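Where a number appears in this text, it was derived from the coordinates with a stated rule and is not lab data. Keep in mind the model is a prediction, meaning the values are calculated, not measured. Quick reminder, even Gly has a Cβ in these numbers, built from the backbone with ideal geometry, and neighbours come from all protein chains shown.
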Amino acid sequence: MFRSLILALALAAPFICHADNLDDAIAKYRARRDTITPVQVLDWLKAGNRRFAAGAAEHGGYPVDARERIHASAAGQRPLAVVLSCIDSRTTPELAFDVSVGDVFTARVGANVINDDVLGSLEIAANSGAKVVVIMGHTDCGGVKGAIDNLVLGHATAMLAKVKPAIAAVNARLDADPAFAHEVGERSTQNRRYVAEVAHANARASFAAALAQSPLLREMVDRGEILFVGALFDVDTGEVRWEPVR
């Protein structure tokens, strides 16, 4: 237990920038990204989510007053990661990863789908110095449910069409594996397990699409400049399930 505490403190220390004056706070905030590796940033996100899910959030080291960080980041932001997530109100990345002002870029779109604008936003974030790209879906996703139910709703109709391949992939897997199909149950939006399976498949599809459609991001991954990771947020527990890193 003592070893775990020491590890947690070591991971947190480089990211907390409390200072006696604003100039010192700005210097510490700006310098932290120069010495942190992508693996350490991912560990920091994972530790933050564990705190959030355990009800022990520290809000990036500013549990009461984040004005120091507001002032420090106002002089020039230096986020450590970028998170693509759904617009769902339960999945706010800054809360889910227990971070503060200026810690992460966020891109949010219904059903966390990939399009040119989202890709451009991820590329800007990575080019600006973010060391980890997280593509995060979530359970009980309204966008996924809308796609399953063939919802027609203005501009959302085309957006939800991007979820259809994930539905087809999950259904094909269920057709090929009767035991798994029995475990998952009814293929409807009333079945949270089925919706979760589609949401997970959709997050994986967005992950693959982002790498396939952005040579810039793929080259940064290949050079070891950034880590690319998929994730699924569980709205029932607040926990993030992580996919293998690229």
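Data table
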{"item": "The stretch 211-242, residues that are in a helix (DSSP H, G or I) and touching a strand residue (DSSP E or B) at 6+ places or on another chain (Cβ under 6 Å)", "result": "Val221"}
{"item": "Candidate set: the stretch 153-170, residues that are more than 22 Å from the chain's Cα centre (by Cα) and not in a helix (DSSP H, G or I); chosen: the one nearest to Tyr194 (Cα to Cα)", "result": "Leu153"}
{"item": "Restricting the stretch 103-123 to residues that are of a type in the set (Val, Ile, Thr) and part of a strand (DSSP E or B), the residue that is farthest from the chain's Cα centre (by Cα)", "result": "Val104"}
{"item": "Odd one out for Gln77 among (1) within 19 Å of Asp140 (Cα to Cα); (2) in a loop (DSSP other than H, G, I, E, B)", "result": "(1)"}
{"item": "Output for the stretch 169-217, where each listed residue is in contact with a Phe, Trp or Tyr (Cβ under 8 Å, 6 or more places away or on another chain) and aromatic (Phe, Trp, Tyr)", "result": "Phe207"}
{"item": "Selection count, the stretch 141-166, where residues are under 13 Å from Ala203 (Cα atoms) and either surrounded by fewer than 20 Cβ atoms within 10 Å (Cβ to Cβ) or polar (S, T, N, Q) (or both)", "result": "2"}
